[in-house]
Amino acid sequence: MTREIGHPHVDLLFDALSDHRRRQILTYMHTSREDSFNFDDLVQIIANQNNETSDVSQKQRKRVKLTLHHRHLPKLDDAGLIEYDHRNGDIRYRGTADSELIDIPKLLNSTNESAGSLDQLK
């Protein structure tokens with residue numbers, strides 16, 4: 001008999017961090033001196049980071065805008081890493097959440113405690 005090791009919060013965190021664009025967003029927010037961001041400003045910053053020239057086309061900007069709004073920011077919000085208000089475009093970085101991410105062994109240990117010891121899974 002096999003049991004799945006996992007905790008919903010841990011699964012959401014790993015899912016959120018599985019994409020390079022979401023890691024790029026979090027890295028930008030983490031290194032910024034701000035904790036609140038405007039959606040349109042973030043779109044421009046991310047579009048510029050992914051473009052080798054300083055000229056970002058309208059098409060590139062729109063693609064970044066759509067993927068941030070519909071995919072990346074909601075996933076980061078679901079994982080508790082940011083708060084995203086899609087109605088007004090306000091984004092708040094929740095820097096306290098990254099303390100869980102830095103200590104992955106501690107995070108995994110808390111998962112194992114809630115699921116039972118690894119010896120019980122054999």
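Quick notes
- Count of residues meeting criterion [surrounded by fewer than 14 Cβ atoms within 10 Å (Cβ to Cβ) and either in contact (Cβ under 8 Å) with a residue 40 or more places away in the chain or not hydrophobic (A, V, I, L, M, F, W, C) (or both)] in the stretch 64-78: 2
- Looking across the stretch 50-59, just one residue is assigned to a helix (DSSP H, G or I) and over 24 Å from Asn88 (Cβ atoms), and that is Lys59.
- Flag: Ile102 does not match the condition of being of a type outside the set (S, T, N, Q) and modelled with pLDDT of 90 or more.
- Among the candidates Thr67, Thr2, the residue that is β-branched (Val, Ile, Thr) and modelled with pLDDT under 90 is uniquely Thr2.
The values are calculated or read from the model by the stated rules, or taken from the named source; none is laboratory data. Note that the coordinates shown come from a computational prediction; the quantities given were computed from them, not determined experimentally. Cβ sites come from the backbone with ideal geometry, for glycine too, and all protein chains shown count toward neighbours.
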